[in-house]
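Taking it in order: structure first as structure tokens, then the write-up.
The values are calculated or read from the model by the stated rules, or taken from the named source; none is laboratory data. The structure displayed is predicted, hence computed values, not measured ones. So basically every Cβ, Gly included, is an ideal-geometry build from the backbone, and we count neighbours across all protein chains shown.
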Amino acid sequence: MKQDRIGLNCALSTPFREDGAIDLVRLVAHAAWVMDNGCDGITVFGTTGEGASVGLPGRHQALAALSTAGVDLGRKVFCGISAAAIEDVVDQSRLALEAGCRGLLLAPPFYFGGVGDDALFTFFARVFDKLGPLARGVLLYHIPGMTRVHISVELTRRLSEAYPGVILGVKDSHGDWAATERRLNELKHLQILVGDERQLARAVRHGGSGSICGLANFAPDLLRPVARDGVDEPRVNRMVEAILAHSFMSAVKALIAERTGDAAWRVMRAPLEPMDEARSKALYAALTAIRAEAKAA
């Protein structure tokens, strides 16, 4: 098992105020809670964190707030990077790396779908060349359901060979087990993470390095043995199924709101919409029942 194995990393939800600004106090408190309750680290501004809607000023403020609160960015924090222009990707990446983050969760360009490996190699190569010696800790983010772009095994291998020490691994959020298994078998020198918690135990038993996942915002204690030791946990699968009956990002925020008793957590940044109070309470009750029934059994 890799010494620097990522383990359980929370795709941290981002709290916003009604005016759209990041609520830094809630962000810091939530980051502390997930790490106190089982997470090895956090990823800010991923998909669950609505990262594609957060610009440079908000990113700077959030990383500064976490650092000031004592979070070790270099050991604990990855930063999601999502933009269609190379210059914007470089600016987001440089900000995170200069702040001292452990690495980047780097999505491919998401507007022009259906592009091939050669074009993607050129895109990523230009980003890494512009970052120069700053470039490090890159997790390529395979999430074609959002980006409409596939990151292949061949592209990953080519980038890792061309930029030794830069590519740390892949976060595979496609949900195709056969493709994930191929990554695990053919990219053993890299850390392979899964985003779908239902596949996590199996992936870890096949050599996977853990997960960056959204359910860790709510149930890090249940996920920890799954992500670290490959232990099957039926409650995790049932929770994910219940959440996926809704929009995932708003559902995660609803669960945080109910757990904390803080309705402000349901706020989403435009153009996303929050879950209403009635559905929030029903979802929380459903997940609470899943946990309780499994304990009784």
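Just to be sure I understand, how many residues within region 227-254 are under 17 Å from Met35 (Cβ atoms) and surrounded by 22 or more Cβ atoms within 10 Å (Cβ to Cβ)?
Looking only at that region, the number is 2.
Could you grab the pairs with beta carbons closer than 6 Å, sequence gap of 6+ or different chains, first residue in region 100-129 and under 20 Å from His60 (Cα atoms), second one surrounded by 12 or more Cβ atoms within 10 Å (Cβ to Cβ) and of a type in the set (Phe, Trp, Tyr)?
Arg102/Phe78; Gly103/Phe78; Leu105/Phe78; Leu105/Tyr141; Leu106/Tyr141; Ala107/Tyr141
Filter region 215-238 down to residues that are under 16 Å from Asp40 (Cβ atoms) and not in a helix (DSSP H, G or I) and give me whichever is farthest from the chain's Cα centre (by Cα).
Per the criteria, the residue is Val231.
Gly51 versus (1) touching a strand residue (DSSP E or B) at 6+ places or on another chain (Cβ under 6 Å); (2) among the small types (Gly, Ala, Ser); (3) in contact (Cβ under 8 Å) with a residue 40 or more places away in the chain: which is the lone unmet condition?
Just one mismatch for Gly51, condition (3).
Of the numbered conditions (1) among the basic types (Lys, Arg); (2) farther than 19 Å from Asp196 by Cα; (3) assigned to a helix (DSSP H, G or I), Lys253 satisfies every one except a single condition; which is it?
The one condition Lys253 does not meet is (2).
Give region 167-203 a look and list any residue that's part of a helix (DSSP H, G or I) and under 16 Å from the mean Cα position of the chain (by Cα), or say none.
Answer for region 167-203, where residues must be part of a helix (DSSP H, G or I) and under 16 Å from the mean Cα position of the chain (by Cα): Glu197, Arg198, Gln199, Leu200.
Only one residue in Glu258, Glu241, Glu293 is part of a helix (DSSP H, G or I) and at pLDDT below 95. Which one?
Glu293
Among (1) part of a helix (DSSP H, G or I); (2) closer than 22 Å to Val44 by Cβ, there is one condition Met268 misses while meeting the rest; what is its number?
Of the numbered conditions (1) part of a helix (DSSP H, G or I); (2) closer than 22 Å to Val44 by Cβ, the odd one out for Met268 is (1).
Has region 176-193 got at least one residue that is of a type in the set (D, E, K, R) and more than 26 Å from Val240 (Cα to Cα)?
Yes - at least one qualifying residue is present in region 176-193.
Table: residues versus (1) modelled with pLDDT of 95 or more; (2) over 16 Å from Asn9 (Cβ atoms).
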{"residue": "Val170", "(1), (2)": "yes, no"}
{"residue": "Trp177", "(1), (2)": "no, yes"}
{"residue": "Leu184", "(1), (2)": "yes, yes"}
{"residue": "Val236", "(1), (2)": "yes, no"}
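Condition (residue is under 23 Å from Pro144 (Cα atoms), within 17 Å of the chain's Cα centre (by Cα) and in contact (Cβ under 8 Å) with a residue 12 or more places away in the chain) applied to region 254-264: is it met by at least one residue?
Checking region 254-264: not a single residue is under 23 Å from Pro144 (Cα atoms), within 17 Å of the chain's Cα centre (by Cα) and in contact (Cβ under 8 Å) with a residue 12 or more places away in the chain.
Can you tell me which residue is surrounded by the fewest Cβ atoms within 10 Å (Cβ to Cβ) among those in region 1-42 that are of a type in the set (A, V, I, L, M) and either part of a loop (DSSP other than H, G, I, E, B) or touching a Ser or Thr at 6+ places or on another chain (Cβ under 7 Å) (or both)?
Met1
For region 43-154, list the helices (runs of 4 or more DSSP H) that sit wholly inside it and hold at least 1 residues that are modelled with pLDDT under 95; which are they?
Fully inside region 43-154 and qualifying: 144-147.
Which of the residues belonging to region 137-152 are over 13 Å from Leu120 (Cβ atoms) and surrounded by fewer than 21 Cβ atoms within 10 Å (Cβ to Cβ)?
Within region 137-152, Gly145, Met146 qualify.
Identify, from the list Pro164, Pro144, the residue that is more than 21 Å from the chain's Cα centre (by Cα) and without any contact (Cβ under 8 Å) to a residue 60 or more places away in the chain.
Among Pro164, Pro144, only Pro164 is more than 21 Å from the chain's Cα centre (by Cα) and without any contact (Cβ under 8 Å) to a residue 60 or more places away in the chain.
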